[in-house]
1. For B:Ile431, enumerate residues with amide H under 5 Å from its amide H, sequence gap 5+ or separate chain, H modeled in the peptide plane.
2. Given the Cα-Cα distance of B:Asp169 and B:Glu393 and 0.36 nm per residue of separation, how much length would full extension add, in nm?
3. May I ask you to list the GluC sites (Glu not before Pro) in segment B:246-310 that are in a DSSP loop and have at most 12 other Cβ atoms within 10 Å of their Cβ?
4. May I ask you to evaluate 6.51 cos²θ - 1.76 cosθ + 1.60, the Karplus curve with θ = phi - 60°, for each residue of segment A:363-376 and list the ³J(HN,Hα) values in order in whole Hz, giving x for glycine and proline?
5. Can you list residues from other chains, or at least 5 along the same chain, whose modelled amide H is less than 5 Å from the amide H of A:Val99?
6. Pull up all non-local amide H partners of A:Ile243: gap of 5 or more, or a different chain, and H-to-H distance under 5 Å with H placed in the peptide plane.
7. Check each of the GluC sites (Glu not before Pro) in segment B:348-438 and keep only those in coil by DSSP with at most 12 other C-beta atoms within 10 angstrom; list them in order.
8. Suppose each label sits 7 Å from its Cα in the direction of the beta carbon; what would the A:Tyr81-B:His93 distance come out to in nanometres?
There are 2 protein chains.
Amino acid sequence: MEPVRVGICGLGTVGAGTFNVLMRNAVDIERRAGRPLVIEQVAARRDNPQCDLTGIPVTADVFDVVRNPRIDVVVELIGGYETARELVLEAIHNGKHVVTANKALIAVHGNEIFRAAADKGVIVAFEAAVAGGIPVIKSLREGLGANRIQWVAGIINGTGNYILTHMRDQGRSFDDMLSEAQALGYAEADPTFDVEGIDAAHKLTILASIAYGVPLQFERAYTEGISRITFDDVAQADSLGYIIKHLGISRRTEEGVELRVHPALIPKERLLANVHGVKNAIEVMGDAVGPTLYYGAGAGAEPTASAVVADLLDVARDMATHHDYRTPYLAFSGIVEGDNSLPILPMDNIVTAYYMRLQAVDRPGVLARVATILAEQGVSIEALIQKEATEGELVPIIITTHLTREANMNEAMRQLEALADIAGPVTRIRIENLDENV
Amino acid sequence: MEPVRVGICGLGTVGAGTFNVLMRNAVDIERRAGRPLVIEQVAARRDNPQCDLTGIPVTADVFDVVRNPRIDVVVELIGGYETARELVLEAIHNGKHVVTANKALIAVHGNEIFRAAADKGVIVAFEAAVAGGIPVIKSLREGLGANRIQWVAGIINGTGNYILTHMRDQGRSFDDMLSEAQALGYAEADPTFDVEGIDAAHKLTILASIAYGVPLQFERAYTEGISRITFDDVAQADSLGYIIKHLGISRRTEEGVELRVHPALIPKERLLANVHGVKNAIEVMGDAVGPTLYYGAGAGAEPTASAVVADLLDVARDMATHHDYRTPYLAFSGIVEGDNSLPILPMDNIVTAYYMRLQAVDRPGVLARVATILAEQGVSIEALIQKEATEGELVPIIITTHLTREANMNEAMRQLEALADIAGPVTRIRIENLDENV
């Protein structure tokens, strides 16, 4: 059968990985695609010593690839928003299918891109945009297609998980671990995207769109980072039977869809709590299947390439057919045909349990005042641990709560912090028990 | 668009689950399929109170369904080998696609069935045959399609995992736990299929065929059950840093494919070791993606239905197209187009590490004789623990080994059991460290 002619834009880490996987596993890939996948052209601003480009046409201009009439599928691996957006839109306009690993592009410009692809009848595939090599997009979209998805909860940023894992293992501080992650190349010089949850929110936005059939609404995602987590919190969580992870959580309720990234205490015995280091994992709860979990490398050259090439296989198999892409493919991606009747919920509306750490002045009646504020806000205490203080020092108080509406918790926090008995800000971390209803 | 007309054969646990999921989630399923899935006919020998069959044509004869000219897809959920085989072959002969949850049927008669399907140009899909609702077939076949798969290792029998989990938790014996599993409905009255590894070998056979593109060869799978595991072994494993699981393992080596089901010690910190109760999980190592893991319910009405309906979605999307099924679909299933150059290896050829437990007579020179036998067989000892014995009793000796060829281990075992110093049979359980090369 005719080969599928692939153009690769970008020969950085993932570009090189994709190139090498396509070359090395060409025989297996051809068997699975039913036809060969041929690299027709590569766009790269500089050589990558990882790749042997002998015999492959190379251009410095990525737009050469999307204008190359011989190319069937454009693989966008240049990253960033603006040039990538232009490149993908022009590829679509030229009738080419697109495979991309660019989570920011999909989360922010996805609605526009999918609309254009639907109009033109081409595929835009993006398995590599979420959790690297883990086939979680395919699992959600196809493997769990029978289910009404109830929630998705994932460790979808390897940098953050590396930091939290080793804060706990080695009793180290956030800053200390961040420096190590930077030295090892797991964190960028500017770590904001990773540790403040923006990268995870991009991925969660994509997962939620597929899970619930709602449009991409990255701008409505809540993000809270891990930079204020202390080893104290990690140790307290441990003694309470929990592990702190940086989670992306999306839940479908009667009122709408939750879309939130924040640190969370999860029960130690959960599989998700045992995902360590830079690895990723996503737990998905479906009404028929119950809980399922997908684990693997969330980043790296070849793991990400594995997902890029899986998308190429899907494109190749679809190209062997003669159907109208607009209906079956895009409809089932769940993104374009979004159900606007399900709004993204404001954080005030979410209901979860909480862990709190307060520093109290050692005075009679402090606990009563704290308990009164919580009671007035309808916050029900599950456990309260008052640590012993040495003479003249502040007394740490640890509180865990039952399910509470976030708006009430916020008001309680405001009043607690205003108490003369309470020193400094109150630490508040959500507890996610991840049962049927999160 | 035209609906896909589905005929369900069998209305037992999984049949009822499939019926109910198709009815309850019809709107979501139609969105994902791009067209409605309609239940055209159900074959059931008796009513199932779980299902409201109002308005659905019901027949007592499953063959009515495969002969019904209005039906596009036959869902085979009657189980067993012979009638199911006839039913599926006749459905194929009549030009109908087939979805089945029948692992025994696929593992034993799959080659014949896929050949017939290829000749006729129809799909035979079987996600539900392995690990219930976990989309592991799709992940292996499509999501990891870029990879050369190196090994697959899975907990793919919930009954066995339930027994082993609670032997460890509760310090109970195999027989005791088996009775409990039977009382709870997790184990059959005749538990042979589950606890002796036959059910797991059916599933492993299917996974290996997809992973490596080899024909189904269930008759060459090695099976060893868990009925001889004692709580002593469980506790010893624990103190050595391992958990005993009943694993299906398939590895591709230079010489061929390993296909084996047996108890194994796996390191406690592995995610797979933390899969408890009736849950299933499969770890897959690909050369590009590295290790990935898929977890969820391996059985039950709606989890299995989730996989059946996912297959129906695949069929529905394929039916919307006009391609020649013989090439793309069956080729990429990896089963028919098997690579016969990779034989299934005899157990003598496998290389793994071992845990051994011996009962020695407390006499001078016993250890030397044991060590000599092992040395002569090239078995390298990693650790040897001799327990203290009370006067006149047998001394338990625990040995762990480095990687050893199974033929050598078998010969060593034979010689050890022949020693006058060693009482009774030697316990030998494989240790699987599940690193890059297993």
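Every read-out reported here was derived from the displayed coordinates using simple, explicitly stated rules and does not represent laboratory data. Predicted model only: the values in this text are computed from it and were never measured. Backbone-built Cβ (ideal geometry, glycine too); neighbour counts: all protein chains shown.
1. Those lying under 5 Å, H to H, from B:Ile431 are B:Leu265, B:Ala353, B:Tyr354, B:Tyr355.
2. Numbers: separation 224, 0.36 × 224 = 80.64 nm, distance 2.83 nm.
Residue separation times 0.36 nm, minus the Cα-Cα distance, leaves 77.8 nm.
3. On the way: sites: B:Glu254, B:Glu255, B:Glu258, B:Glu269, B:Glu283; in loops: B:Glu254, B:Glu255, B:Glu258, B:Glu269.
Passing sites in segment B:246-310 are B:Glu254, B:Glu255, B:Glu269.
4. Result, rounded to whole Hz: 10, x, x, 4, 4, 4, 5, 4, 5, 5, 4, 5, 4, 4.
5. A:Val74, A:Val75, A:Glu76, A:Ala125
6. A:Ile266, A:Lys268
7. Details: sites: B:Glu376, B:Glu382, B:Glu388, B:Glu391, B:Glu393, B:Glu406, B:Glu411, B:Glu417, B:Glu432, B:Glu436; in loops: B:Glu388, B:Glu391, B:Glu393, B:Glu432, B:Glu436.
Answer in residue order: B:Glu388, B:Glu391, B:Glu393, B:Glu436.
8. The answer from the label model is 6.3 nm.
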